[in-house]
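The values are calculated or read from the model by the stated rules, or taken from the named source; none is laboratory data. Remember, it's a predicted structure, so these values are computed and weren't measured experimentally. Cβ atoms come from the backbone with ideal geometry, glycine included; neighbour counts cover every protein chain shown.
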Amino acid sequence: MTKPLGTSIGALDKVASGTAEKDGFFVEAEDIRRDRSGGRQHILMCAPEHFDVSYVINPWMQNQIGRAVHSLAREQWADLRRLLSREADIALIAPAAGLPDMVFSANAGLVIGDRAVVSRFRAPERRPEEALFRAWFERQGFDIAAWPEDVPFEGGGDALLDRALPLLWCGYGVRSGSEAPLVLERVFGRRTVGLRLVDPRFYHLDTCFCPLEGGWLMYYPAAFDAASREAIATLVPPGKRIEVSEDDALRFACNAVDVDGRVVMNDASASLQNRLRAAGFTPTLTPLSEFLKAGGAAKCLTLKLIEN
Ligand code: ARG
């Protein structure tokens, strides 16, 4: 991945720069051209220029149509970007009019090494995003693996790499289809553990499950069926499990981005923050209220371009 990112992000800049003058959303060239030798992570984001709640495809969006405050959304997104860019390089995809959820780049697809799969959205409202994300992955030089037409899969929203074990966790049952874990295993050649999601409020794996460095796992157990809770218990030692309360889960605490020991999240109770500190992390809160109205927070607004 070193080679594609280094060269083509320059091209992306050009696409982005027109808008940069207009509203200042897009990063200055230096920010995204840094080479990868420093070991910094790369994260894909999409500015909220066209973000809105204009349909309902998850319970959070109910009664929120037209209610997102655009100026505040822009500020919150910019704050998140600024925070993450201290430790990671942010790559950007140009937002598109008429695609209000494209800001949730976690759902672009899944990238590991040189290989990418593009999401196959369950909701028809989000399907037009697929071609744009595909084009972006292509421009970056990723090898795009085929994905079966009839298997919904919502990318980094439902597929998370464990940070200690050599495996992928894949959420299914609400958005991604039950075959998704098997297809992923074939495509990326790594063990994939399927976890069935049973609470519609936690419709993507990244809304209730967050693997952290050192094999820690922050998650909300009630979002999973019994067999999945069992699978988690078998693979992650009790001392490494940080179970969050329903209250914290509803604040999207699990929807966190970890960069360099920092756990960046919308909000968390004092007790959860303390538990994260005790595990060696630095919880970093950044309000994302406008995106919660669409059912997303910090993690949903990012896609890690995983190196291996
Ligand atoms: N409104 C979007 C949807 O329902 C939110 C996506 C949030 N993304 C995530 N990775 N959890 O698809």
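Considering every residue within the range 242-255, establish whether at least one is closer than 27 Å to residue 39 by Cβ and within 16 Å of the ligand (Cβ to nearest atom). Spell out the reasoning first.
Quick first cut of the range 242-255, residues closer than 27 Å to residue 39 by Cβ only: 242, 254-255.
With within 16 Å of the ligand (Cβ to nearest atom) added as a condition, the list becomes 254-255.
Scanning the range 242-255 turns up at least one residue that is closer than 27 Å to residue 39 by Cβ and within 16 Å of the ligand (Cβ to nearest atom).
Yes or no: residue 92 within 12 Å of the ligand (Cβ to nearest atom), within 28 Å of residue 144 (Cα to Cα) and assigned to a strand (DSSP E or B)? Quick ask: steps written out before the conclusion?
Details: within 12 Å of the ligand (Cβ to nearest atom): no; within 28 Å of residue 144 (Cα to Cα): yes; assigned to a strand (DSSP E or B): yes.
In short, no.
Do we find a residue being closer than 24 Å to residue 101 by Cβ, within 16 Å of the ligand (Cβ to nearest atom) and in contact (Cβ under 8 Å) with a residue 40 or more places away in the chain anywhere in the range 258-277?
There is at least one residue in the range 258-277 that is closer than 24 Å to residue 101 by Cβ, within 16 Å of the ligand (Cβ to nearest atom) and in contact (Cβ under 8 Å) with a residue 40 or more places away in the chain.
Considering (1) part of a strand (DSSP E or B); (2) closer than 15 Å to residue 169 by Cβ, say which one residue 206 fails and leave the rest.
Only one criterion in (1) part of a strand (DSSP E or B); (2) closer than 15 Å to residue 169 by Cβ is unmet by residue 206, namely (1).
Output the number of the condition that residue 209 fails; it satisfies all remaining conditions of (1) buried (at least 24 other Cβ atoms within 10 Å of the Cβ); (2) more than 16 Å from the ligand (Cβ to nearest atom); (3) not β-branched (Val, Ile, Thr).
(2)
Which of the following residues is closer than 27 Å to residue 122 by Cα, within 13 Å of the ligand (Cβ to nearest atom) and out of contact with any Pro (no Cβ under 9 Å at 6 or more places or on another chain): 99, 44?
Details: 99 fails: out of contact with any Pro (no Cβ under 9 Å at 6 or more places or on another chain).
After applying the criteria, what remains is 44.
Of 130, 125, 138, 179, which residue is more than 30 Å from residue 232 (Cα to Cα), among the acidic types (Asp, Glu), away from the ligand (no atom under 16 Å from the Cβ) and modelled with pLDDT of 95 or more? Quick ask: steps written out before the conclusion?
On the way: 130 fails: away from the ligand (no atom under 16 Å from the Cβ); 125 fails: away from the ligand (no atom under 16 Å from the Cβ); 179 fails: more than 30 Å from residue 232 (Cα to Cα).
Exactly one residue qualifies, and that residue is 138.
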